[in-house]
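Okay, so here's the structure we're looking at.
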Amino acid sequence: MNNKPDISNRQDLLFLMQQFYKKLLADPSISYLFTDIAKIDLDHHLPVLVDFWDNILFGSDTYRKNAMQPHMTLHAKSPIEDHHFETWLKYFKASVDESFEGEKAFQAKERATSIATIMKIRVKQAAK
């Protein structure tokens, strides 16, 4: 054990999202979805992601949007394939594991797995 801290607050979540997006945006197999298709503005997007994960891990009630809708819109513009979900999940888990360990870190990875699975199913259903 490296005695890494657990995820315990919004600052930890912001750090996690920053590390995660560095990985995503450095991988051309997935980065184009964020940069070319969705054209995300990270300065705007990161706080939204922190709200989302703060709500999931700590029940903060900070996120009240429909997380699925932007992904369905994105999928309509450029298909989100199985390998995109796998890549997203790989980088998410790696980002958690690099800096955190503990109950919330475990929960974050479990929830990310569930989210990726549900989104993959919904995207496939929408394509039919």
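The values are calculated or read from the model by the stated rules, or taken from the named source; none is laboratory data. For clarity, every value in this text was computed on a predicted model and none was experimentally measured. Cβ coordinates were reconstructed from backbone atoms using ideal geometry, including for glycine residues, and neighbour counts include every protein chain displayed.
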Exercise. Under 21 Å from Phe15 (Cβ atoms), in contact with a Pro (Cβ under 7 Å, 6 or more places away or on another chain) and not small (Gly, Ala, Ser): does that describe Phe100?
Worked result: yes
Exercise. So is Lys104 touching a residue at least 40 places away in the same chain (Cβ under 8 Å), more than 25 Å from Val123 (Cα to Cα), surrounded by 15 or more Cβ atoms within 10 Å (Cβ to Cβ) and charged (D, E, K, R) or not?
Worked result: yes
For this session: Scan region 70-114 residue by residue and report those that are under 20 Å from Ile37 (Cβ atoms), at pLDDT 95 or above and aliphatic (A, V, I, L, M).
Result: Leu89
Exercise. What about Ile121, is it buried (at least 18 other Cβ atoms within 10 Å of the Cβ) and of a type in the set (Val, Ile, Thr)?
Worked result: no
Problem set entry | Filter pass, Asp97 being under 25 Å from Gln125 (Cα atoms), acidic (Asp, Glu) and not in a loop (DSSP other than H, G, I, E, B) | no
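Does Asp6 count as more than 29 Å from Ala126 (Cβ to Cβ) and modelled with pLDDT under 95?
On the way: more than 29 Å from Ala126 (Cβ to Cβ): yes; modelled with pLDDT under 95: no.
Answer is no for this residue.
Please work out which residue is nearest to the chain's Cα centre (by Cα), limiting yourself to region 3-29 and to residues that are more than 15 Å from Ala105 (Cα to Cα) and without any contact (Cβ under 8 Å) to a residue 60 or more places away in the chain.
Once the filter is applied, the top-ranked residue is Tyr21.
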